[in-house]
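Take a look at the structure set out below.
FYI, it's all coordinate maths here, none of it is from the lab. Keep in mind that what you see is a predicted model, and the values were worked out from it rather than measured. Backbone-built Cβ (ideal geometry, glycine too); neighbour counts: all protein chains shown.
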Amino acid sequence: MKNTEYDLVIIGAGPAGLSAAIYAARARLSVAVLEEAAPGGQILVTDLIENYPGFAEGISGAELMMKISEQAQRFEAEIITEEVTGLDLSGPVKTVQLAGNQVSARAVIIATGASPRKLGIPGENRYYGQGISTCATCDAPFFKDAVVAAVGGGDTAVQESLFLTRFVRKVYLIHRRDQLRATRILQERAFENDKIEILWDSRPTAIKGGDAGVEAVSVENVKTGEQTDLAVSGCFIWVGVTPNTAFLNGIVDLDENGFIKADKRMQTSEPGVYAVGDVRDTPLRQVVTAVGDGAIAATEAANYIESK
Ligand code: NAP
């Protein structure tokens, strides 16, 4: 099997991974960034990022990631589009298996991010992609003038529901408590938007439909026990994220929610292996914190390699 050697391998080309690539390449390490899909990560589908400094009018996730990706490649970080099929991160030389070959490095940064969490209710798997979505930017145009449901009370649910209102007639925002978790400015916008009706203290119990897709979401009021069927043609699920760590098979220590434990230097339980961005047990999951993680990990990886 062909083996290509680098100083540093970064797994994942979202904001954290690509930021690490920029810093590592500028430290004159040879760097490979492994990415199974297009570079960008979760932020790729965000219509407008308003809280990343330097873009006073905001910037789309796709445009920001294109710029960051170009920047990483300008400093000669190599982006390899392939899925990781196996890993050996113990010892001084780390190897990462890809479909037909492998790469090896003296340090590895894990930047694999997180994926939308599922509700685990009847109908969810059946109608996924047939009325159920986790991506407003991708799917909102399919729901022009329709009535849809959105589930969750965090930044994603509120920001994406606001985006949906540009297309749909109405959004029922279903939240399990009597207070939103989202940032205040997003809450204010939701409260002011006539197209958003918030169903407080409510949780979806099933998603129903026919051959053509979603027709209703069954909702239970958690305080009164009252059950209602909302007639909707779409349901967007934004109830948080789960870390993409399954491929690690317990190689590094995880916290109780499955996020990778790392110290303030982004060092995991395995020497020479770092974790950055949404996959890490971090108190804030934002592009601005992800790129900070990447910068720290790359600098630490360079020091680690130098010390060996
Ligand atoms: P989140 O902050 O974890 O919020 C998840 C929401 O879903 C919470 O309101 C939670 O309810 C609800 N929820 C969780 N499990 C549920 C279930 N089984 N049934 C019903 N509701 C459930 O996740 P997120 O909104 O996806 O955000 C993820 C991270 O990205 C956060 O750090 C967020 O700040 C960041 N983000 C930031 C922006 C921005 O800055 N504009 C935009 C998007 C995302 P409870 O409130 O009751 O726990």
Need one number: % antiparallel among DSSP beta bridges in the chain, to the nearest 5. 40
Spin-label point model (7 Å from Cα, Cβ direction): what's the residue 211 to residue 265 distance in nm? 6.3
May I ask you to order 110-123, 160-173 by the average number of other C-beta atoms within 10 Å around their residues, highest value first? 160-173, 110-123
Under a crude label model (7 Å from the Cα following the beta-carbon direction), how far is residue 178 from residue 66 in nanometres? 4.7
Cross-link list 67/170; 94/264; 94/261; 67/264; 67/94: which exceed 24 angstrom alpha carbon to alpha carbon? 67/170; 67/264; 67/94
In nm, give the distance between the simple-model label positions of residue 284 and residue 115, each being 7 Å from the Cα along the Cα-to-Cβ direction. 2.8
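So, R0 is 35 Å and r is the distance between the beta-carbons of residue 2 and residue 38; what FRET efficiency does that work out to, to 0.05?
Here the calculated transfer efficiency is 0.90.
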Compute log10 of I(q)/I(0) for the stretch 117-180 with the Debye formula, placing one identical point scatterer on every Cα and leaving out solvent, at q = 0.23, 0.27 Å⁻¹, to two decimals. -1.05, -1.32
Partnerless cysteines, meaning none of the other Cys C-beta atoms lie under 4.7 Å away, in the chain: 235
Using modelled backbone amide H atoms (1.01 Å from N, in-plane), which distant-in-sequence or interchain residues come within less than 5 Å of residue 10's amide H? 32, 33, 34, 109
Sequence order, the stretch 155-160: Karplus ³J(HN,Hα) from phi using 6.51 cos²θ - 1.76 cosθ + 1.60, θ = phi - 60°, Hz rounded, Gly and Pro as x, gives 4, 5, 4, 6, 4, 6
Per-residue HN-Hα couplings for the stretch 192-205, Karplus 6.51 cos²θ - 1.76 cosθ + 1.60 at θ = phi - 60°, whole Hz, x for Gly and Pro? 7, 8, 5, 7, 9, 10, 8, 9, 6, 6, 10, 9, x, 10
Spatially proximal aspartates and glutamates relative to residue 144 (Cα-Cα < 16 Å; intrachain offsets below 8 disregarded): 160, 215
With only helices counted (DSSP H, runs n ≥ 4, each -39500 (n - 2.57)), the per-residue ellipticity at 222 nm for the chain, to the nearest 500, works out to -7000 deg cm²/dmol
If you project the alpha carbons of the chain onto their three principal axes, what span does each projection cover, largest first, in Å? 63, 40, 33
Can you tell me the Rg and the Dmax, both Å, for the Cα atoms in the stretch 87-233? 19.8, 59
How long is the gain from residue 249 to residue 195 if the chain were fully straight, where each residue apart is worth 0.36 nm and the alpha carbon distance is subtracted? 15.0 nm
